[in-house]
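In what follows, a single structure is set out as structure tokens and then discussed.
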Amino acid sequence: MKYLGLAYFTPEKFAAMTPDEIKALVSQCPALDEKMRATGKVVVSASLGDLENWKTLRPLGGTTRVTDGPYTEAKEVVGGMFIIEAASPDEAVRIASMHPAATLGEEGGWAVELIPLDFYLAP
């Protein structure tokens, strides 16, 4: 089974941190990312681009409305994603718990949401 992990952060909390605090926090991420990839179960892992370049698409009156985004209704914003392939939900949780957003960054409002996927690969 494949699982999507969404790594969240809270922009307001990051804005309250000093540049040195952010640097100290983020500098710990590569080692944790590598530990997670070393399981051999990570299919995809990526940080997402700067928020200023995001777009939000919504249906409106039979057309698609495009706005600068991420403006879905949430306090947290998705800052990264990963897909793992695990034999069980417990294994998926064990691997996802290695992600930096699951182990660091409480002061930045980090969190991981782990979602089972019904996976479809286009031919």
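Throughout, read-outs are computed from the coordinates displayed, never taken from laboratory work. All values derive from a computational prediction rather than experimental measurement. Neighbour counts run over all protein chains shown; Cβ positions are idealised from the backbone, glycine included.
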Simple spin-label estimate for S88/E107, 7 Å along Cα→Cβ, in nm, reads 3.8
In the chain, lysine pairs 8 or more places apart or on different chains with C-alpha atoms under 24 Å apart total 8
Per the helix-only model, the chain has a calculated mean residue ellipticity at 222 nm (DSSP H runs of ≥4, -39500 (n - 2.57) each, divided over all residues, rounded to the nearest 500) of -7000 deg cm²/dmol
Put in order of increasing Cβ neighbours within 10 Å, starting from the fewest, W54, W110 give W54, W110
The orientation-averaged projected area of the Cα convex hull of the chain, in nm², is 9.5
In debye to the nearest 20, the charge dipole size for the chain, taken about the Cα centre with +1 at each Lys and Arg Cβ and -1 at each Asp and Glu Cβ, equals 340
Of 94-100, 17-23, ordering from highest average Cβ density within 10 Å down gives 94-100, 17-23
